[in-house]
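Everything on this sheet refers to the single structure shown next.
The values are calculated or read from the model by the stated rules, or taken from the named source; none is laboratory data. This structure is a prediction, so every number in the text was calculated from the model and none was measured. A quick note on method: Cβ atoms are made from the backbone with ideal geometry, for glycine too, and the neighbour counts reach across all protein chains shown. All accessible areas refer to the heavy atoms of the entire protein, side chains included, with ligands and DNA or RNA removed. Shrake-Rupley method; radii C 1.70, N 1.55, O 1.52, S 1.80 Å.
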Amino acid sequence: MSGVKTTGGKGEDGPSSSLERAKADDFGRSISKIVVAQICESVGYQGYKESALEALADISIWYPCDLAKNASFHANLAGRTECNVFDITRALEDLGDSHGFPGASETGNCLVDSCIVKGITQFVDTKEEIPFAQPVPKFPVVRNEKLVPSFKHMNEAPPGKHIPSWLPAFPDPHTYNHTPMWTERASNPCADKIEQARRQIKAERALLRLQQRFVLVVCTILPKEAIISDSIIFLLIGDSVHACYWKSMLIMRGEKVWHWLSETCALLSYMSVGFLFHLGFTVFFTLATVESLVSMIAIGY
Amino acid sequence: MNPNPQSSDGKHDDDSALSDFLASLMDYTPTIPDELVKHYLAKSGFQCPDVRLIRLVAVATQKFVAEVASDALQHCKARQAAVVKDKRDKQQKDKRLILVMDDLSKSLHEYGVNVKHQEYFADSPSTGIDPASREE
């Protein structure tokens, strides 16, 4: 059969539509569609419309399902779990009742000579065999499941006498024991800022102390001119604290004139600029110290 | 009594006929593959290890579908014959027999299955949209 999808059916290939999702029974349905197409071809059709084929495929799925339900019902009625040929015959008669079959009106008929079975026998004898076009694998595919090992398997004793050893083992204690958790500190932005400021002040003080030590070590070695120039620079830029240090050095060196000058300028700078520059020029002082050190080393050589 | 021995003989024949038929089923390969039938029977709660009964179900289904298809074919041929009768002057085209929803619903109606079909089908999801806005 050419299987031409004529006008009215889908123009494109079936699975190209991105909206369609693969359903669980797609494999069985597609096989049923091929089966129905083969049967239609044997009957005499030369083409089909997609919708009609799908409807007939649905019927070909529904019919054996209904037959099976009916047959299992009759088997259960007789107190059996497995069906036999008579259950199927009864189910066939039930399904054929709507259409009618010879012998339907007769009661007390033995199932062995049921007319439906005879009709099927006739069908098999007259119709030529049309095997399915392609080999069909066994489906649905059963995946090997990982089962939870039993107590016996794990060589563990069940925690209670009421628990048999062939049951699945309990999970390991570490999966359900309560362990102390890290308690999250509630963030306090105010306190954090205060703490930060305190640490900053501490660091600055430490740095100043270091500078002090540095200066004391250097002042005895450095020439007078270098000290004076540096102190003037600091006075001019308003670094009163550092100016005071240099001033103290001058006092130690006994330079009275410069002492008066430095005092005045320190006062002026203190009044004019203020402490704001102090922090910023800490770096500057450090660099100046380094420069003095370098010059000292150069003098030494 | 007289009827009894006859009926018992008849039953014996019927028994053998049935068992012969079931045996012959093993030689006959139905169009519906065994695996498919087994899958759907298992889904419906049918438990039977006997392959012959599975073949019986397969053959019964095949017979049913073939009957429906042949009835639909009759409807199709009748429709074509009616059309040709009306327009004899037109050249007779080699009309192919196509399985259509109309014929199928008519034949299934006799078997108690109501299949309703849509009046028309759209070729693509964008059918019917204003052509200016449709993306080509």
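Here the condition is being open to solvent by 100 Å² or more (accessible area, probe 1.4 Å) and either touching a residue at least 40 places away in the same chain (Cβ under 8 Å) or outside any loop (DSSP other than H, G, I, E, B) (or both); of A:His178, A:His162, A:His153, it holds for A:His153 alone. Tallying residues that are over 60 Å from the mean Cα position of the chain (by Cα), assigned to a helix (DSSP H, G or I) and either exposed (fewer than 13 other Cβ atoms within 10 Å of the Cβ) or more than 10 Å from chain B (Cβ to nearest Cβ) (or both) within segment A:82-121 yields 1. If you go through segment B:59-84 and pick out every residue that is at the interface with chain A (Cβ under 8 Å from one of its Cβ atoms) and of a type in the set (D, E, K, R), you end up with 1. Per the conditions (1) more than 8 Å from chain B (Cβ to nearest Cβ); (2) small (Gly, Ala, Ser); (3) not in a loop (DSSP other than H, G, I, E, B), the sole criterion not satisfied by A:Gly79 is (3).
Residue-level analysis places A:Gly79 outside the set of residues that are open to solvent by less than 30 Å² (accessible area, probe 1.4 Å) and not hydroxyl-bearing (Ser, Thr, Tyr). Within segment A:102-158, the set of residues being small (Gly, Ala, Ser) and outside the structural domain of A:Val85 (by the TED database) comprises A:Ala133, A:Ser150, A:Ala157.
Please determine, by comparing only the residues of segment B:1-58 that are within 7 Å of chain A (Cβ to nearest Cβ) and farther than 27 Å from A:Gln38 by Cα, which one is modelled with the highest pLDDT. Looking at the filtered set, the residue picked out is B:Gly45. Can we say A:Ala68 is facing another protein chain (nearest Cβ under 7 Å), surrounded by fewer than 22 Cβ atoms within 10 Å (Cβ to Cβ) and in a helix (DSSP H, G or I)? When the stated conditions are applied, A:Ala68 does not pass them. Within segment A:129-146, residues that are facing chain B (nearest Cβ under 9 Å) and without any contact (Cβ under 8 Å) to a residue 24 or more places away in the chain reach partners that are hydroxyl-bearing (Ser, Thr, Tyr) and open to solvent by less than 100 Å² (accessible area, probe 1.4 Å) with beta carbons closer than 8 Å, at six or more positions or on different chains, in the pairs A:Glu129/B:Tyr28; A:Glu129/B:Thr29; A:Pro131/B:Thr29; A:Pro131/B:Thr31. Which of the residues that make up segment A:134-150 are of a type in the set (A, V, I, L, M) and modelled with pLDDT of 80 or more? Passing the criteria: A:Val136, A:Leu147, A:Val148. For segment A:30-47, the candidate set comprises residues that are in contact with a helix residue (DSSP H, G or I) (Cβ under 6 Å, 6 or more places away or on another chain) and touching a residue at least 12 places away in the same chain (Cβ under 8 Å); within that set, the residue that is farthest from the other protein chains (Cβ to nearest Cβ) is A:Lys33. Restricted to segment B:77-116, and to residues that are under 22 Å from A:Gln46 (Cβ atoms), open to solvent by 70 Å² or more (accessible area, probe 1.4 Å) and part of a loop (DSSP other than H, G, I, E, B), which residue is modelled with the highest pLDDT? This residue is B:Arg96.
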